[in-house]
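Heads up: the structure comes next, in structure tokens.
The values are calculated or read from the model by the stated rules, or taken from the named source; none is laboratory data. Here the structure is a predicted model, which is why all the values come from computation and not from measurement. Every residue, glycine as well, gets a Cβ built from its backbone with ideal geometry; the counts of neighbours run over all protein chains shown.
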Amino acid sequence: MFTLPHLKPIKSYKSIALLTSGGDSPGMNPAIRGVVRAALNSGIESVYGIQRGYSGLITADIHKLTSRSVTNIIQRGGTMLKSARCLEFKEPAIRAQAAQILRDKNIEALIVIGGDGSMAGAHLLTEETGIPVIGLPGTIDNDIPGSDDTIGFDTAVNTALDAIDKIRDTALSHERLFLVEVMGRNSGFIATQVGIACGAELVIVPEYAFDLHDLCVTLAQQRASGQGSSGIIVIAEGKDPGLTSRIAYQLEELGQDPKICILGHIQRGGSPSGHDRMLASCLGASAVHYLLAGFNDILVGVRQGTIVDIPLRKVISEKKILDRNIFDITTLLHK
Ligand SMILES: Nc1ncnc2c1ncn2[C@@H]1O[C@H](COP(=O)(O)OP(=O)(O)OP(=O)(O)O)[C@@H](O)[C@H]1O
Ligand SMILES: O=P(O)(O)OC[C@H]1O[C@](O)(CO)[C@@H](O)[C@@H]1O
Ligand SMILES: [Mg+2]
């Protein structure tokens, strides 16, 4: 359960829009539902859905949503508004064009549901054009500074765990070592949580450096001495697309026969967990409450169970730290 702030409405908006941007995440749909229903039930006359993130904004692919439009989506993965990575939005002239499209349609404010990159776009849009913007953390990566949690993280972790529990069965039967790659190009939150929760022998994340050769020698020695009949190594994909294959290759050189399993986009799909539906619904409704309370240029996130506002400038200028003590639990518990 979350604690919601008491916010006094001091502003009135006739018309707002929302979009989902970056990698989709399970829970974006309940967040859309939360925003649309909270807005329409709080006196905002019109809510528009923008298709395909910032791509649909700059091509004016914008359609009115009603309370009925968001019926029966709370349990669905993906995003009914579709999502995209729109590189043109990094250009100030394109953002100015986007703002003009919103003004032409009398849309007075924008709610952006997405990851850290999407928040950078949202911040620049409001800073440069004055269009009020509220951000919601919608990413499986859980890498938004200032927010303990993001919409989709819990579901993605559980999806990976479901897969790894199955891999563990066959790993045990055949006394094999598996290298399981999970998502997280820049951050190891998924890998760390999944690694701890599946009882992984080792977790590799972009935040903490390791020596590839030493690591493989230790693993091979452990297995040669009979320690661990099966093994699960959880690896965050990181920036280097070949990392998992390189670890496998080194292990093969040392006489091991590791199997690779890349979970990939499976982690982005599926029905949102109860936790993510609750988080998304509360954040969606709260985004509207913050807007009506006169806030702008903020991300509405969650800290220690309380819904909070974080300036977008802070969100985009900091990096969320993966706590070393939590990461070290992975090695502490596997023996
Ligand atoms: N610096 C920036 N300036 C303007 N717009 C940006 C910037 N960075 C990202 N965006 C916009 O946000 C979109 C999504 O960003 P990005 O691809 O980083 O994903 P994200 O929102 O971080 O989500 P995830 O990491 O979960 O996939 C980009 O395609 C672009 O449209
Ligand atoms: O294949 P895509 O859509 O670029 O997504 C990959 C990236 O998106 C994320 O899954 C987050 O949505 C990252 O972990 C990953 O690096
Ligand atoms: Mg991101």
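Here are some notes:
- Among residues that are within 16 Å of ligand 1 (Cβ to nearest atom), at pLDDT 95 or above and not β-branched (V, I, T), D141 is included.
- Output for the range 84-116, where each listed residue is among the acidic types (D, E) and not in a loop (DSSP other than H, G, I, E, B): E88, D104, D116
- Any hit, the range 288-299, residues being assigned to a helix (DSSP H, G or I) and loosely packed, with under 13 Cβ neighbours inside 10 Å: no
- Residue within the range 139-151 that is part of a helix (DSSP H, G or I), surrounded by 19 or more Cβ atoms within 10 Å (Cβ to Cβ), within 16 Å of ligand 2 (Cβ to nearest atom) and among the charged types (D, E, K, R) present: no
- Exclusive hit being among the hydroxyl-bearing types (S, T, Y), closer than 30 Å to A93 by Cα and either surrounded by 15 or more Cβ atoms within 10 Å (Cβ to Cβ) or at pLDDT below 95 (or both), set S42, S15: S15
- Within the range 140-191, the set of residues being more than 26 Å from C282 (Cα to Cα), in contact with a Leu (Cβ under 9 Å, 6 or more places away or on another chain) and more than 16 Å from ligand 3 (Cβ to nearest atom) comprises A163, I164, A171, L177, L179, V180, E181.
- Looking only at the range 82-120, residues that are more than 25 Å from P145 (Cβ to Cβ), within 16 Å of ligand 1 (Cβ to nearest atom) and touching a Ser or Thr at 6+ places or on another chain (Cβ under 7 Å) come to 2 in all.
- Meets criteria (polar (S, T, N, Q), out of contact with any Pro (no Cβ under 6 Å at 6 or more places or on another chain), part of a helix (DSSP H, G or I) and more than 25 Å from A156 (Cα to Cα)) for S55: yes
- Residues of the range 217-242 satisfying the condition of being assigned to a loop (DSSP other than H, G, I, E, B) and under 19 Å from K166 (Cβ atoms): G228, S229, S230
- Taken over the range 186-232, residues that are among the hydrophobic types (A, V, I, L, M, F, W, C) and either under 29 Å from E318 (Cα atoms) or touching a Lys or Arg at 6+ places or on another chain (Cβ under 8 Å) (or both) amount to 15.
- Residue list for the range 1-22, restricted to those being in a strand (DSSP E or B) and either of a type in the set (D, E) or within 16 Å of ligand 2 (Cβ to nearest atom) (or both): L19, T20
- Residue satisfying condition, being surrounded by 13 or more Cβ atoms within 10 Å (Cβ to Cβ), polar (S, T, N, Q) and out of contact with any helix residue (DSSP H, G or I) (no Cβ under 6 Å at 6 or more places or on another chain), within set S67, S25, S21: S25
- The set of residues from the range 184-198 being surrounded by fewer than 24 Cβ atoms within 10 Å (Cβ to Cβ), of a type outside the set (S, T, N, Q) and part of a loop (DSSP other than H, G, I, E, B) comprises just one member, R185.
- Among the residues making up the range 117-137, a single one is within 14 Å of ligand 3 (Cβ to nearest atom), in a helix (DSSP H, G or I) and within 18 Å of Y48 (Cα to Cα): A122.
- Matching residues in the range 253-280 - criterion: being assigned to a helix (DSSP H, G or I), touching a Gly at 6+ places or on another chain (Cβ under 8 Å) and crowded, with 22+ Cβ neighbours inside 10 Å: D276, R277, L279, A280
- Failed item, numbered, when S25 is tested on (1) touching a residue at least 12 places away in the same chain (Cβ under 8 Å); (2) more than 20 Å from the chain's Cα centre (by Cα); (3) assigned to a loop (DSSP other than H, G, I, E, B): (2)
- In the range 157-174, the condition of being of a type in the set (S, T, N, Q), within 14 Å of ligand 1 (Cβ to nearest atom) and at pLDDT 95 or above is met by no residue.
- Meets criteria (at pLDDT 95 or above and in contact with a Leu (Cβ under 7 Å, 6 or more places away or on another chain)) for I321: no
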